[in-house]
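Encoded as structure tokens, the structure appears first; notes follow it.
The values are calculated or read from the model by the stated rules, or taken from the named source; none is laboratory data. Source: prediction; values computed, not measured. Here the Cβ is made from the backbone with ideal geometry for all residues, glycine too, and neighbour counts use every protein chain on show.
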Amino acid sequence: MPGDTVTGVVDALAERFWEGLLERQPVAATFFGDDRFDDRLDDPGPAGRAADLAAAQALLAAAAGLERAGLGVEEAITLDMLEVVARLTVRAHEQATWQLASIDQLGGPQVLTGDLARVQRLDTPERLDRLLARLSAYPAYLEAHADVLRDGVAAGRTAAAPVVARVLEQTARVAAAPAADDPLLAAHPDLDEASRARLERAIAHDVRPAQGRFLQAVRAYAPHARTDPGLWALPDGEALYDAAIEAHTTLVESAAAIHAYGQERLEALDGERLAIARQAGEASVEAYRASLLADPANHAASGDEIVALCEAVIERASAAAPRVFGRLPRAACVVRPVEPYAAPEAPPAFYLPPRPDGGRPGTFFVNTFEPSARPLHRFAATAFHEAVPGHHFQLAIETELTGLPRFRTLGSRLAGAAYTEGWGLYSEGLADELGLYRDERERFGMLEAQAWRAARLVVDTGLHAFRWDRERAVTFLERAAGLPRLEAETETDRYIAAPGQALAYMIGQRELQALRAVLTARAGGAFDLVAFHDAVLGHGALPLATLRRQLPRWLEAPAA
């Protein structure tokens, strides 16, 4: 194939794959701001899985036939990412990871209406009709997920008991909620009376009975849940965990090496935290942490107070950003509390990217459930990570890039979360470089947050490779990272439910920091931090191996 035609072929291949993915995964399409499929739901059954596998295999076959010589930087990245995504899809199918996917307290099928409430627009009669059609398909969708549960039981491959318990509790709660209280209605208070009545009837007729039947399926599944939390307890657990490590980091690393790296980072962070503790007159990190937890001024009286604090953090970060960024996102970033239906099982915070068409700003969701149990000194680091200059800068800028296929600007997280989460964690430290923490309390909170991510490396590998039980993981997070018991339990169950995902943060940060160090040494005294950040953000998220190869070249030429 002539070199001058390769670019068009790669972009066309990416566009075909992306278009097919949106059709097969219409809920994801809605998330990405494409409302063409808002009347449909994914197919979690055999036909849907077969279609995903066939698309991945066809992509790999097409990529294998391409001549690589003559590819530009962006085309090489696109092709690399396509192959990574396709290989991960094939590997997951071969290992039947779908048998474990229908039990999920963070975004399982039982809370679909809450997920849709965040992303599906209802501002025209046609859009309401699409949602109602989607809800009419919800009973069959949940029944297909119930079939997945039964398949897992038959194969002897089931989720862990703590995760099943959380899904049971959550499903019972949403199934019993009045239709009028559904998140879909709460998210659209401006609906006219007739539209609101139509939506409430659909929830009462289609959604609540289906959730009730799914609850019964989970109750039947619960006695079969595995008692040991880690993947090691499954017959093919070691291979499953190796695949999970690669899926979330795009690197091939052993659980033992990651476990050791986490312990090494914790030791370094212990010294930094101890210095702050002694400066405050305390003899140990534990004593200083206890003093912060006992201080009434370090606790919020309400969720609104937490939201206001995060808004103030974002404001001062936004004011400082032009000092180290040339490229800034056009989209705004707003702060919202996690919805009550999801808050008990939700992580402390998360971020929802903006719609590419500007119809939704970037949204930083902060968990205000039991606000008195969430110390205030920790929220600055959280806001820098999730919002500015963290996920909001990286993901909003990614959606705003031009000249790249939609697969790159919208679907990059299919190639693992380590780039995105690594940038978020890097941003916590960057805020410290910029002097954005107001005092040593907030700096201690940042170091605790870094220690939390280091502890994740130890705990995730401990659970899934080294046979830790749940209580050992919870107490380790309490001691090593200073997490309150409530969050330590929530986080541990998150790691149990999503093996390997917790590794993405510090592994991604490690790669960014290592590349910055290499480039700083190469530039001598002429290192340009603005150019570095603009290069990192100017190509979208990448597999970490691709980042290693490409970043040194980017600073020799302008970004796309």
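Is it the case that Ala159 is in the same structural domain as Gln110 (by TED's automatic domain parsing), in contact with a strand residue (DSSP E or B) (Cβ under 9 Å, 6 or more places away or on another chain) and under 21 Å from Thr227 (Cα atoms)?
Details: in the same structural domain as Gln110 (by TED's automatic domain parsing): yes; in contact with a strand residue (DSSP E or B) (Cβ under 9 Å, 6 or more places away or on another chain): yes; under 21 Å from Thr227 (Cα atoms): yes.
The answer is yes for Ala159.
Which of (1) assigned by TED's automatic domain parsing to the domain that holds Ser254; (2) touching a residue at least 12 places away in the same chain (Cβ under 8 Å) is the odd one out, the single condition Arg472 does not satisfy?
Of everything listed in (1) assigned by TED's automatic domain parsing to the domain that holds Ser254; (2) touching a residue at least 12 places away in the same chain (Cβ under 8 Å), Arg472 misses just condition (2).
This table checks each residue for (1) crowded, with 22+ Cβ neighbours inside 10 Å; (2) within 21 Å of the chain's Cα centre (by Cα).
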{"residue": "Val73", "(1), (2)": "no, no"}
{"residue": "Glu83", "(1), (2)": "no, no"}
{"residue": "Leu88", "(1), (2)": "no, yes"}
{"residue": "Glu94", "(1), (2)": "no, no"}
{"residue": "Trp98", "(1), (2)": "no, yes"}
{"residue": "Ile103", "(1), (2)": "yes, yes"}
{"residue": "Gly107", "(1), (2)": "no, yes"}
{"residue": "Val111", "(1), (2)": "yes, yes"}
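How many of the residues in region 475-493 are within 21 Å of the chain's Cα centre (by Cα) and farther than 21 Å from Leu425 by Cβ?
Count: 3.
Surrounded by 16 or more Cβ atoms within 10 Å (Cβ to Cβ) and part of a helix (DSSP H, G or I): does that describe Ala47? Steps first, answer last, please.
On the way: surrounded by 16 or more Cβ atoms within 10 Å (Cβ to Cβ): no; part of a helix (DSSP H, G or I): yes.
No: the conditions fail for Ala47.
Given the residues Glu267, Glu238, which is the only one that is in a helix (DSSP H, G or I) and surrounded by fewer than 13 Cβ atoms within 10 Å (Cβ to Cβ)?
Result of the check over Glu267, Glu238: Glu267.
Quick test for you: out of Gly390, Gly403, Gly411, pick the one residue that is at positive phi and either crowded, with 21+ Cβ neighbours inside 10 Å or in contact with a helix residue (DSSP H, G or I) (Cβ under 8 Å, 6 or more places away or on another chain) (or both). Quick ask: steps written out before the conclusion?
Details: Gly390 fails: at positive phi; Gly411 fails: at positive phi.
Gly403 is the lone residue from the list that is at positive phi and either crowded, with 21+ Cβ neighbours inside 10 Å or in contact with a helix residue (DSSP H, G or I) (Cβ under 8 Å, 6 or more places away or on another chain) (or both).
Contact list please: Cβ distance under 9 Å, first residue in region 249-265 and more than 18 Å from Gly230 (Cβ to Cβ), second residue polar (S, T, N, Q) and modelled with pLDDT of 95 or more, pairs at least six apart or on different chains.
These pairs meet every condition: Arg265/Gln450.
Within region 220-235, work out how many residues are assigned to a helix (DSSP H, G or I) and within 19 Å of Gly462 (Cβ to Cβ). Full working, then the answer.
So in region 220-235, the residues assigned to a helix (DSSP H, G or I) come out as 220-224, 231-233.
If we keep only those that are within 19 Å of Gly462 (Cβ to Cβ) as well, we get 231-233.
Selection size over region 220-235: 3.
From the list Glu169, Glu126, exactly one residue is within 23 Å of the chain's Cα centre (by Cα) and assigned by TED's automatic domain parsing to the domain that holds Arg219. Which is it?
Working: Glu126 fails: within 23 Å of the chain's Cα centre (by Cα).
Being within 23 Å of the chain's Cα centre (by Cα) and assigned by TED's automatic domain parsing to the domain that holds Arg219 holds for just one of Glu169, Glu126, which is Glu169.
Tell me which residues, restricted to region 113-142, are acidic (Asp, Glu) and crowded, with 17+ Cβ neighbours inside 10 Å. Walk me through how you get there before you give the answer.
Of all residues in region 113-142, those acidic (Asp, Glu) come to 115, 123, 126, 129.
Matches in region 113-142: Asp115 only.
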